1. Can you sort Arg47, Arg73, Arg20 by how many other beta carbons sit within 10 Å, fewest first?
2. Taking the Cβ of Arg14 as the center, what net charge do the other residues with Cβ under 9 Å away carry, scoring Lys and Arg +1 and Asp and Glu -1?
3. Using θ = phi - 60° and the Karplus relation 6.51 cos²θ - 1.76 cosθ + 1.60, list the HN-Hα couplings for the stretch 72-85 in order, rounded to whole Hz, with x at every Gly or Pro.
4. Using Cβ counts within 10 Å as a stand-in for footprinting exposure, how do Lys120, Lys29 rank, fewest first?
5. If you stretched the chain out fully between Asn15 and Val3, how much longer would it get, using 0.36 nm times the residue separation minus the C-alpha to C-alpha distance?
6. What net charge is computed for the residues neighbouring Pro101, neighbours being all others with C-beta under 9 Å from the C-beta of Pro101, Lys and Arg scored +1, Asp and Glu -1?
7. With n ≥ 4 as the cut-off for DSSP H runs, can you work out [θ] at 222 nm for the chain, using -39500 (n - 2.57) per run divided by the number of residues, rounded to the nearest 500?
8. By the scheme Lys and Arg +1, Asp and Glu -1, what is the net charge of all other residues having a beta-carbon under 9 Å from that of Tyr48?
Amino acid sequence: MKVNKLDHICIAVRNLDEARKIWEPMLGKTAPDDAYVDEPEKIRVARYWLGGVGFELMESLTADGDVAKFIERRGEGVMLLSLNVDSTPEAVEEIASKGYPMIGGLRSFRDCQFAFVHPKKMNGVLLEVIDYKWPELEA
């Protein structure tokens with residue numbers, strides 16, 4: 001599997017507005033470069049571009065969302081690392097063939113797909129592979 005780059009890092013937070021007040025001065029930003037709500041994933045996100053890599057603050061929209069569950073178990077902090085690949089379906093096939101357990105199969109985001117490798121195989125880190133091309137960075 002060819003990894004193009006580190007795509008993004010996600011920080012799970014209880015309160016996105018409060019987390020922005022903490023992080024934006026450190027990042028040299030006054031607002032997110034990309035803010036969105038992903039209803040299927042039950043998250044509200046503030047994404048900042050740092051040298052072509054996304055830095056995301058994620059807040060759960062519901063008490064049963066993955067971000068809320070993560071915070072309940074481990075507290076706020078780094079939740080996942082994401083690797084950019086050319087084709088998520090091909091990457092998932094290769095990853096699974098090497099014995100890495102996947103979580104939940106392929107998921108959709110904007111004009112791409114992503115998938116998760118179970119953290120029990122990745123030293124406790126939730127690893128995502130995503131094939132988004134990020135035209136926002138080329139604008």
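Each reported figure results from applying straightforward, stated rules to the coordinates on display, with no laboratory input. This one's a predicted model, so the numbers in the text were calculated from it and none came from an experiment. Cβ placement follows ideal geometry from the backbone for every residue including glycine, while neighbour counts extend to all protein chains displayed.
1. Working: Arg47 18, Arg73 7, Arg20 21.
Ordered from fewest to most neighbouring Cβ atoms within 10 Å, Arg47, Arg73, Arg20 come out as Arg73, Arg47, Arg20.
2. On the way: positive: none; negative: Glu18, Glu59, Glu76.
Combined, the nearby Lys, Arg, Asp and Glu give -3.
3. The phi angles translate into 4, 7, 10, x, 5, x, 4, 9, 7, 10, 10, 10, 8, 10 Hz.
4. On the way: Lys120 10, Lys29 16.
In order of increasing Cβ crowding within 10 Å: Lys120, Lys29.
5. Values: separation 12, 0.36 × 12 = 4.32 nm, distance 3.20 nm.
Gain on extension, Asn15 to Val3, equals 1.1 nm.
6. Details: positive: Lys120, Lys121; negative: none.
Taking every Cβ under 9 Å from that of Pro101, the sum is +2.
7. Working: 3 runs with 31 residues, N = 139.
Helix-only estimate at 222 nm: -6500 deg cm²/dmol.
8. Working: positive: Lys29, Arg47; negative: Glu24, Asp33, Asp34, Glu56.
Combined, the nearby Lys, Arg, Asp and Glu give -2.
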